[in-house]
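Down below is the structure, laid out as structure tokens.
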Amino acid sequence: MNLNVHVAHEACPLNLAPTSSTTAALVMGDALAVALLEARGFTAEDFAFSHPGGALGRRLLLKVENVMHSGDELPHVQRGTLLKDALMEMTRKGLGMTVILEADGRLAGVFTDGDLRRTLDRTIDIHTATIDAVMTPHGKTARPEMLAAEALKIMEDHKIGALVVVNHDDRPIGALNMHDLLRAGVM
């Protein structure tokens, strides 16, 4: 059996330089490689393990839990907190956002630098307003076991700079932002 990738005419006006024929050979090589990958059940994880140090390997192996801020690094306040106190928590933790928690510890919302700019446009008094009046309810979230590249896609799709990481009970356990993904080599 043979695979014929013969071309009748090269793209070269003199029909001399191998232009169309080299393209046909490349296409056939790619098609054979893809067919072999599928036949062997080669996965993205297999590729990542073969190339762990490169950018593609990082995109395929790195999980949100590997880059998120958690524990004492997670900025958070309770519902009803004064906006000025939430801003102080944001400043202390340096992520450009804070998580707002329900009394039972579940995610109530998020407040970001962008929310602050929108709040200032509304001429709300930051000394007397509570976080409840200006937060984004719930917000976009990620799971710790999610690939960091998936978290990046969520941020890009929704034009946001940070994500809250929640567990299966919708309780915040971490947060990450674009800078974390950039430092990790995901972008």
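The values are calculated or read from the model by the stated rules, or taken from the named source; none is laboratory data. Predicted, not measured: the structure shown is a model, and the values here were computed from it. Note: ideal-geometry Cβ built from the backbone for every residue, glycine included; neighbour counts use all protein chains shown.
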When you check Ile160 against the structure, is it β-branched (Val, Ile, Thr) and surrounded by fewer than 18 Cβ atoms within 10 Å (Cβ to Cβ), yes or no? no
Matching option when the condition is among the aliphatic types (A, V, I, L, M), out of contact with any helix residue (DSSP H, G or I) (no Cβ under 9 Å at 6 or more places or on another chain) and surrounded by 16 or more Cβ atoms within 10 Å (Cβ to Cβ), among Val186, Val110: Val110
Residue check for Asp170: on the phi > 0 side of the Ramachandran plot, out of contact with any Cys (no Cβ under 6 Å at 6 or more places or on another chain) and among the charged types (D, E, K, R): yes
How do the pairs read when you match residues in the range 57-85 that are part of a loop (DSSP other than H, G, I, E, B) and crowded, with 19+ Cβ neighbours inside 10 Å with residues anywhere that are among the acidic types (Asp, Glu) and at pLDDT below 95, using Cβ under 8 Å and keeping only pairs 6 or more apart or on different chains? Met68/Asp180
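Here is a yes/no grid of residues against (1) out of contact with any helix residue (DSSP H, G or I) (no Cβ under 9 Å at 6 or more places or on another chain); (2) modelled with pLDDT under 90:
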residue: Met1; (1), (2): yes, yes
residue: Asn15; (1), (2): yes, yes
residue: Leu26; (1), (2): yes, no
residue: Gly29; (1), (2): yes, yes
residue: Gly41; (1), (2): yes, yes
residue: Gly57; (1), (2): no, yes
residue: Leu95; (1), (2): no, no
residue: Ile100; (1), (2): no, no
Is it true that Arg122 is among the charged types (D, E, K, R) and modelled with pLDDT under 95? yes
When you scan the range 172-183, how many residues do you find that are out of contact with any helix residue (DSSP H, G or I) (no Cβ under 6 Å at 6 or more places or on another chain) and buried (at least 16 other Cβ atoms within 10 Å of the Cβ)? 6
Restricting to the range 167-182, give me the number of residues that are over 9 Å from the mean Cα position of the chain (by Cα), among the aliphatic types (A, V, I, L, M) and over 16 Å from Glu73 (Cβ atoms). 1
Give the residue that is farthest from Gly174 (Cα to Cα), with candidates limited to residues of the range 103-135 that are β-branched (Val, Ile, Thr) and over 19 Å from the mean Cα position of the chain (by Cα). Thr123
The lone exception for Glu89 - which of (1) surrounded by fewer than 17 Cβ atoms within 10 Å (Cβ to Cβ); (2) in a helix (DSSP H, G or I) it fails: (1)
What pairs can you find where one residue is in the range 120-136 and of a type in the set (Gly, Ala, Ser), the other is surrounded by 16 or more Cβ atoms within 10 Å (Cβ to Cβ), and their Cβ atoms are less than 7 Å apart, with a gap of 6+ or different chains? Ala129/Leu83
Residue selected from the range 145-157 under the condition closer than 20 Å to Val99 by Cβ and touching a Leu at 6+ places or on another chain (Cβ under 9 Å), by the criterion surrounded by the fewest Cβ atoms within 10 Å (Cβ to Cβ): Ile154
